[in-house]
Structures are given as structure tokens and as C-alpha cells.
1. Using Cβ counts within 10 Å as a stand-in for footprinting exposure, how do 220, 152, 240, 78 rank, fewest first?
2. What is the distance, in nm, between label points placed 7 Å from the Cα along the Cα-to-Cβ direction at residue 265 and at residue 139?
3. How do 54, 176, 221 line up, fewest other C-beta atoms within 10 Å first?
4. Ranked highest first by the average count of other Cβ atoms within 10 Å around their residues, in what order do 180-190, 110-120 fall?
5. In nm, to one decimal, how far is the modelled label at residue 129 from the one at residue 73, with both set 7 Å along Cα→Cβ?
6. What is the magnitude of the charge dipole of region 4-87 about its Cα centre, with +1 placed on the Cβ of each Lys and Arg, -1 on the Cβ of each Asp and Glu, and no other charges, expressed in debye to the nearest 20?
7. Residue 109 versus residue 220, label points 7 Å from Cα toward the beta carbon: distance in nm?
8. Have a look at 76, 16, 26 and report the one farthest towards the positive end of the charge dipole of region 4-87, computed about the Cα centre with Cβ charges (Lys/Arg +1, Asp/Glu -1).
Amino acid sequence: MTDKNEDENNKILTGMIVNSSDERLNESNIEFFDFSSEIGKKPNLKYLNLKELDSFSIMEGEVIGIRGDLTRNKNLIFVKEIIKPSAPPKINIKDEFHSFKTSSQYLGKPFLLYVASGPFTHQGNLDYSPLCHFLEIVKKEEPHYILLIGPFIDENNLIASKLDITVNNVSISYKDIQNSIIEFILQNLKETNTKLLLLPSLKEINNIFPIPQPPMKINFDILKKYSSDSISYFSNPQYFEINDIGIMVISGDIISEIIKSTLNK
């Protein structure tokens, strides 16, 4: 029969990496939420001591298994091994994402795709003159497509972040502003052959969703004024093809955020 103390000396647990401090994850603030905690009771959080490991890579929110010693300190697990699942099989992007494919009218010919990313105003106002300047270039050069990446209304904008926005003493909503922007863009493209592709941003004040982010909602009354193939609105991220060239686009520096919450040795 195995001694209980011996079991605790080589315990295998499954749980999640947690950081309850205000600092970035480091070896002194790594907590472990043990999934074996009973439902309804206070979460069983213990600090991890990883000094016995030669190397490791963990991140906040990551679910892992650990093998460790629980006998030395009731609030501390001395980790002997970190157990992670094997890497998932390689995926086919076309199968995983709802893809958008253009018609074959440009096949065998060069095509132009212009890309512009928001915010399209300065931080202290709602003056969209940078967007106007870009559209003037588009009208002059007429690329086949323009891909506009949000934010169209930036959550960090000092005016937009206010709960009450008024123009000429009339209160307007974020939805009103967004619809006005999209209609303004479509009006400027009306006399061109350029098609509009829209991708929201994680900083979109009117589309507050984590990744995967749904497409922007656009007023149907605006859309019905224009040809259905003149605009396509994408989710975030999005895979699409033009001339059989696959393009993957995402708004948000996910790698940077992952690095900030990762601890390596």
C-alpha cells in the first residue's frame, strides 16, 4: 500500500496558471488553480516553485498538468515536471475559416489591393480627414480593392469614449457615427470600380468582442443603395482569396499580448 505522504511528494495535478498580482508573470507570483477543488468552495490556489526545472514555458490562463511535491509547504508546490498535451495537427486554413473568394475577372492580370488601418482620426477629435485623404488617392488611382481595417470609432478616442456625443446640439450614437462613415466611404467609391473590404478592430467601440470577432453591423438602408458586390464585411480574423492568392488578415497584435503574459526559462 502506498504511503499518503509518498503520494503527496509526487502528486500529479491538473489546473490553470493564474497571476493575481498587478505585475507581469514572474517566478515569484505564479499561482496554480487546482481543478480538483470542490465546486462551491473557495478556489484552491497555490504558488508554484519552478526552481527545480531546467527549462519551461508557461503563460497566464494556460491549462497544464504538473507533477510536484506538496509536503514541504501547504501553500507552495515544488514542481518536478510540467505536463502539456502534444501539439495539435496542422490545420488547413481554408477549412477552419469562412473564406471569401472573389470572382475570376482578374485572373491572369495584375490587381491592386490597397490597405489602410485605423484609427482614421486623431486621438482628440472625430475629424476623419486622414480617411478623406486616403479616399482621394483611391478615387485617383482606382485599385481593384481597398481593405479598411478598424478601428473606425476608436475606444481610446477622447471624444468617442464619452457616453454622450452631440453634434449641433443633437445627441448621436456610436451606431449613427459608424453608419455615416461607411456610407461616406461608399459614396466616394460610387464612381469607381473599386470594391470595399471591411475588417473590424479589437479597439472598435461599437463592436466589442474578443477574437474571433464578428463582422461590423451595417444599416441595411445604406447597403441597399449600393451594389451588393461593392462591399464585403469580414470577421476578425479573416481568410480571403483574390486571383487565387490566399490572404490571411487579423486586427490585433496577438503575439505581443501572448509574449507579455508568458514566462520562459
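1. Working: 220 8, 152 28, 240 21, 78 16.
Least crowded to most crowded, the residues run 220, 78, 240, 152.
2. In this crude label model, residue 265 to residue 139 measures out at 6.2 nm.
3. Numbers: 54 5, 176 15, 221 9.
Final ranking by Cβ density, sparse to dense: 54, 221, 176.
4. Details: 180-190: 17.4, 110-120: 15.7.
In decreasing order of mean packing, 180-190, 110-120 become 180-190, 110-120.
5. Placing both labels 7 Å along Cα→Cβ, they lie 5.9 nm apart.
6. Numbers: 12 positive and 15 negative charges, 47 e Å.
The calculated dipole for region 4-87 is roughly 220 debye.
7. Inter-label distance under the simple model: 3.5 nm.
8. Checking the options against the dipole of region 4-87, the answer is 76.
Read-outs: derived from the displayed coordinates by stated rules, not from any lab. Worth saying up front: this structure is predicted, and the values here are computed from it rather than measured. Don't worry about glycine lacking a Cβ; one is built from the backbone with ideal geometry, like all the others, and counts go over all protein chains shown.
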